[in-house]
Amino acid sequence: KAKGDGRSNYRYFSPEMNANMLERIQLEQRLRRAVLQKEFCLNYQPIVTLNDHSVIGVEALIRWQDPKFGLIPPDQFIPLAEETGLIEPIGEWVLEQALIDLHSWHNKGYMINMAVNVSGRQLINGNQISFNRLISKLLKKYGIDAKYLHIEITESMLMEDREQCLHALEAIRDHGMDIYIDDFGTGYSSLSYLKSFPISVIKIDKSFVDNMLECQSDANLIKAIIMMGKSLELKLVAEGIETEEQLAFLHSLGCDFGQGYLISRPLPSYELTNLLIQRLTPTLTDEQNLEEYL
Ligand code: C2E
Ligand code: MG
Ligand code: MG
Ligand code: MG
């Protein structure tokens, strides 16, 4: 094969762009198959109180178990799922699996909360009604009180589609669920902006926690977020706590909740069950629970 032969094929696309497009198309095909074959699983990361590390809830984090490539983290396929609309069936699967696992923990007497990440795409452009229907259906199916289900939506998502998100979030709130603003601090929203949404929890983005002990401006930013959150009577959760020093600092600033590798990595459901058994005393709330423990 002569060296220059293929060149005319690349008149419009560089070899690199062609490769990227091919990769993307292949990834999309594999993702479609993954949805049909349900090649996903959820890991759960505990959310704890910073004063005594007691587990108040978990965040559900999706993983894709590809037969060929192994475990693929969400950052590598959620954006594509959002672009292609595949996030809708994936999001449905996430909600149902999360509630199945929550149901089993509640049945064992661990009355924790479940925080689920939701994409804007699941809520806007007419999807809001089907989302709320789905939630009603699933809560009923698994006999779970809406107050235990929490919805996480990123700050940047709120900024993109303000009006549509507002309506969707109000419906979610009317259902009795709490709404978290995820990755807070990265989206440049203002105080007044935040006030217009029916949210109850702010999650301080990991990037600030990472640097706050070395970087004064990040420390100041965290202080400001905590003060602002408190003045709006919101709860604060710090993400990505990896050291005792970070935990102590956040606690001293008045942040009440956190999650991170220091406390626990995201775990498969059976490992989370073991963690709950070690850390929590089950509460016996009804006869069904009593029977299981007698
Ligand atoms: P997120 O919602 O901000 O989730 C927190 C991410 O930080 C998770 O990454 C978690 O594993 C990671 N993390 C937690 N503690 C630590 C720590 O101490 N150190 C470090 N280095 N990382 C920590 P993960 O699981 O890879 O998820 C990435 C993002 O993907 C999530 O960010 C969320 O935006 C998105 N995502 C995950 N699951 C879902 C889902 O079911 N639906 C949607 N729409 N998005 C999801
Ligand atoms: Mg999250
Ligand atoms: Mg986050
Ligand atoms: Mg994040």
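A few points about this structure:
- In this structure, ALA146 and ALA248 have a Cβ-Cβ separation that, at R0 = 45 Å, corresponds to a calculated FRET efficiency of about 0.85.
- Summing Cβ point charges (Lys, Arg +1; Asp, Glu -1) relative to the Cα centre of the stretch 199-245 gives a dipole of roughly 340 debye.
- Interchain or long-range residues, amide H under 5 Å from ALA115's placed H: VAL58, GLU59, ALA60, HIS150
- Lys/Arg +1, Asp/Glu -1 at C-beta; the chain dipole; positive extreme among THR273, PRO79, ILE263: PRO79
- Phi to ³J(HN,Hα) by Karplus 6.51 cos²θ - 1.76 cosθ + 1.60 over the stretch 69-86, Hz, x for Gly, Pro: 9, x, 7, 10, x, x, 4, 8, 9, 4, x, 5, 4, 5, 5, 8, x, 5
- Over the chain, DSSP H runs of length four or greater, each weighted -39,500 (n - 2.57), average out per residue to a 222 nm ellipticity of -14500 deg cm²/dmol.
- Rounded to the nearest 20, the Cβ-based charge dipole of the chain about its Cα centre (Lys and Arg +1, Asp and Glu -1) stands at 960 debye.
- Cα-Cα over 21 Å, subset of LYS38/LYS108; LYS108/LYS141; LYS140/LYS203; LYS203/LYS223; LYS137/LYS195: LYS38/LYS108; LYS140/LYS203; LYS137/LYS195
- Averaged over its residues, the chain has an accessible area of 52 Å² per residue, based on protein heavy atoms and a 1.4 Å probe.
- Electrostatic dipole magnitude of the stretch 137-229 [Cβ: Lys, Arg +1; Asp, Glu -1; Cα centre; debye, to 20]: 440 debye
- Reachable aspartates and glutamates from LYS235, criterion Cα separation under 16 angstrom, eight or more residues apart if same chain: GLU59, GLU152, GLU155, ASP178, ASP182, ASP183, ASP205, ASP256
- Most positive-pole-ward Cα, ILE226, GLN65, MET21, against dipole of the chain from beta carbon charges: MET21
- In plain terms, the C-alpha convex hull of the stretch 34-162 casts an average shadow of 9.2 nm² when viewed from every direction.
- Rounded to the nearest 10 Å², the accessible area of ARG33 at probe 1.4 Å: 90 Å²
- J(HN,Hα) series, the stretch 17-29, from Karplus relation 6.51 cos²θ - 1.76 cosθ + 1.60, nearest Hz, glycine and proline x: 5, 4, 4, 5, 5, 4, 4, 5, 5, 5, 4, 4, 4
- Share of carbon and sulfur in the accessible heavy-atom surface of the chain [1.4 Å probe, %]: 51 percent
- For the stretch 37-89 and the stretch 144-183, distance of Cα centres in Å: 18 Å
- Converting phi to 3J(HN,Hα) with the Karplus coefficients 6.51, -1.76 and 1.60 and the offset θ = phi - 60°, the stretch 254-271 yields x, 7, 8, 10, x, 8, x, 4, 4, 7, 5, 6, x, 10, x, 4, 5, 6 Hz in sequence order, with x at every glycine or proline.
- Since only ILE241, ALA171, TRP93 are under comparison, the one whose Cα sits farthest along the positive direction of the charge dipole of the chain, derived from C-beta charges on Lys, Arg, Asp and Glu, is TRP93.
- Placing pseudo-labels 7 Å out from each Cα toward the beta carbon at SER54 and CYS215 gives an inter-label distance of 3.5 nm.
- In units of the compact-protein estimate 2.2 N^0.38 Å, the chain shows a Cα radius of gyration of 1.12.
- Annotation: extensible slack from GLU233 through MET159 equals 24.5 nm (criterion: 0.36 nm per residue apart, minus Cα-Cα distance).
The values are calculated or read from the model by the stated rules, or taken from the named source; none is laboratory data. Keep in mind the model is a prediction, meaning the values are calculated, not measured. Here the Cβ is made from the backbone with ideal geometry for all residues, glycine too, and neighbour counts use every protein chain on show. The accessibility values were calculated without ligands, DNA or RNA, using every heavy atom of the protein model including side chains. Shrake-Rupley method; radii C 1.70, N 1.55, O 1.52, S 1.80 Å.
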